[in-house]
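Novice: This is the structure, below, for whatever I ask next.
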Amino acid sequence: MKRKARSFSSGKWAGKVRTLLPLLAGLLLCGFALAAAGRRVATVEKDILRQANPVEVVVASIPIPAGDAFSVRNLAKRGIPSSGTGHRNVPASDFELLVGARSKTAIDPGEPVLWTDVEEPFDTDAFSKTVLPGRRAMTLGVDATSSFAGLLHPGDRVDLLVERSGANPGDWIRDIPVIAVDRDHNRLARPSDKEETATVTLMVSPGEGSRIARSLGKVHWFLRNPIDNAFVARSSPAKPKTLHVVEVWKGGVMVLPIPAAKEFPG
């Protein structure tokens with residue numbers, strides 16, 4: 001009887017285990033599914049946070065009618081999700097560039113200001129008037145070396161050494177004023193402090209511009225003090241010479257006088 005009771009009990013437990021096995025397998029699969037879903041949700045959350053990372057752009061603080069001038073009174077800076085911005089948005093770092101320009105279209109309060117909303121070119125007239133008569137503005141592409149690591153600003157003066165092809169010697173073009181660096185042509189109001197400078201605009205004579213444009217080699221830039229060699233010291237003029245007469249006497253008789261050159265005493 002005891003042996004029969006044990007076999008009955010062991011058979012009952014074996015049946016329970018067989019019944020629980022599908023349940024345990026289902027729990028394991030559910031755990032794996034939940035873990036995979038958690039990882040997926042975390043990835044989606046990171047992507048949403050990345051897209052929602054706020055970027056500061058220029059917006060209208062009050063209604064701006066078409067043709068109205070932009071100013072600190074009607075402009076403001078506001079952070080919006082990066083997913084809602086594009087290359088047409090005016091970044092907050094270029095806020096001062098809009099001041100003085102005019103709106104091409106009406107802009108409602110809170111709406112971002114786009115570059116396409118700005119009358120172009122809004123500063124060409126003012127910039128062109130900085131070019132002196134008989135001079136021309138010439139823009140050159142530069143890198144970190146030729147822009148002196150971003151330390152070159154409007155109002156500086158530079159010398160250029162233009163390399164020639166072959167064995168021809170380099171051509172020096174000296175004392176050239178810098179009138180713009182990228183879009184900035186005002187030394188006192190630099191709207192943005194960019195890490196790299198892309199272009200520099202020089203004010204050259206037509207002859208200087210032609211010599212630079214004909215260069216087939218590299219252009220070396222040299223920064224100079226704006227007051228260095230403000231005037232070129234001219235060499236002292238040669239002292240005037242005058243003629244005086246040397247009398248020659250022979251045996252008490254004066255022969256013909258011989259003119260001789262002598263420097264004027266100074």
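The values are calculated or read from the model by the stated rules, or taken from the named source; none is laboratory data. Remember, it's a predicted structure, so these values are computed and weren't measured experimentally. Every residue, glycine as well, gets a Cβ built from its backbone with ideal geometry; the counts of neighbours run over all protein chains shown.
Novice: Those residues that are assigned to a loop (DSSP other than H, G, I, E, B) and surrounded by fewer than 19 Cβ atoms within 10 Å (Cβ to Cβ), I need them from the stretch 133-145; list them, please.
Specialist: Passing the criteria: P133, G134, R135, D143, A144, T145.
Novice: Report, by residue number, each residue of the stretch 63-96 that is hydrophobic (A, V, I, L, M, F, W, C), surrounded by fewer than 14 Cβ atoms within 10 Å (Cβ to Cβ) and closer than 15 Å to D117 by Cα.
Specialist: A66
Novice: Sticking with this one: Go through the stretch 70-118 and report how many residues are in a loop (DSSP other than H, G, I, E, B) and either within 13 Å of V58 (Cα to Cα) or at pLDDT below 80 (or both).
Specialist: Selection size over the stretch 70-118: 16.
Novice: Then there's this: Taking the stretch 134-182 as the region of interest, how many residues are among the hydrophobic types (A, V, I, L, M, F, W, C), under 19 Å from S215 (Cα atoms) and touching a residue at least 40 places away in the same chain (Cβ under 8 Å)?
Specialist: The number of residues fulfilling the criteria is 8.
Novice: Something else now. Go through the stretch 11-64 and report how many residues are among the acidic types (D, E) and modelled with pLDDT of 80 or more.
Specialist: 1
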